[in-house]
């Protein structure tokens, strides 16, 4: 049996999301954040957070970003300072 395609794997994951408990969704998000950060730090080119064809709305993005900042106790000002110091 062959491995599922990216589209099939994504569809399977998305189909399961509504049935996940909150703690499972939080663990998945945390693992995704850690993997993204690891890849972004080792890449020579900037790694886009979303594909160009993404249909994530600005409201959805702001809800998630705000929740992440709150979870790690970072204020928007501190994020801005880090971005200016790191050049990211």
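Here residue 70 meets each of (1) at negative phi; (2) modelled with pLDDT of 95 or more; (3) exposed (fewer than 10 other Cβ atoms within 10 Å of the Cβ) with one exception, condition (3). For the structure I just gave you, tell me whether residue 38 is without any contact (Cβ under 8 Å) to a residue 60 or more places away in the chain and over 30 Å from residue 86 (Cα atoms). So residue 38 does not fit the description; no. Going through (1) under 30 Å from residue 83 (Cα atoms); (2) without any contact (Cβ under 8 Å) to a residue 24 or more places away in the chain; (3) surrounded by 11 or more Cβ atoms within 10 Å (Cβ to Cβ) one by one, residue 33 falls short only on (2).
Looking at 67, 49, 71, 61, just one residue is in contact (Cβ under 8 Å) with a residue 12 or more places away in the chain and within 23 Å of residue 25 (Cα to Cα), and that residue is 49.
The values are calculated or read from the model by the stated rules, or taken from the named source; none is laboratory data. None of the values given here were measured: they were computed from a predicted structure. Note that each Cβ is placed from the backbone with ideal geometry, even for glycine, and that neighbours are counted across all protein chains shown.
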